[in-house]
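Before any comments, here is the structure.
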Amino acid sequence: LDAACGCGAAQTVVVTGAHRSLVAPLARARGACEAHNPAWERGQSTSVRAAARFAAAHGFAALLVMVADQPYLEARHLAALLRARAAGDADAYVAESGGRRGNPCLFDARCFPLLETLTGDEGARALLRAHPALRVRPVRFEDADLFDDVDTPRDAARLEEAMLRVR
């Protein structure tokens, strides 16, 4: 949330799901809007669709998609995607590090209808594979840990160990 609220985007929208009662007040306290996803149990695509619907309904020119479990993602990464879009004309801008691509991604409004077609537990990567004609521009970062995420208790323990080593 700190990264999203601090990157210089015109508006921050948090898609809530299972833990709405905990997350929504935190988002509002930071000045973010909420887009609730009542279908969160049906996979990641439902959250992307909820975000795309919200963005389209509110006239957003673009949608910056990120996940909440990337501890090394910072506002500067998101700001770099915003700067790339301001200087370019691609349909999508995708973070790239170490030859890999992943979240965060930024999609022009032209992509909103396509984002709303995602299904299952797939995110934007599936959309990019399914539509090779989309103009995608990678935004390169040197951060080897950018795509690290926390999905399991083991991941959380690994992150805690790494942070203790840094101190």
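All of the numbers you see were taken from the coordinates with simple rules; none came from a lab. Just so it is clear, the structure is predicted and the values come from calculations on it, not from any experiment. Counting neighbours? That spans all protein chains shown, and the Cβs are built from the backbone with ideal geometry, glycine included.
With a Förster radius of 25 Å applied to the C-beta separation of His36 and Ala87, the computed FRET efficiency comes to 0.15. Rounded to the nearest 0.05, the FRET efficiency derived from the C-beta distance between Arg100 and Ala157 at R0 = 25 Å is 0.60. Between Ala24 and Tyr72, the contour length at 0.36 nm per residue exceeds the alpha carbon distance by 15.0 nm. With the helix formula -39500 (n - 2.57) applied to DSSP H stretches of n ≥ 4, the chain reaches a computed 222 nm mean residue ellipticity of -11500 deg cm²/dmol. When Cα extents along the principal axes in Å is calculated for this entry, the matching label among (1) 44, 37, 30; (2) 59, 29, 27; (3) 38, 32, 32 is (1).
For the pair Ala133 and Leu1, what calculated FRET efficiency results from E = 1/(1 + (r/R0)^6), where r is the Cβ-Cβ distance and R0 = 45 Å, to the nearest 0.05? Computed FRET efficiency for Leu1 and Ala133: 0.85.
Sorting the segments 112-122, 72-82, 153-163 by their mean number of nearby beta carbons within 10 angstrom, highest to lowest, gives 72-82, 112-122, 153-163.
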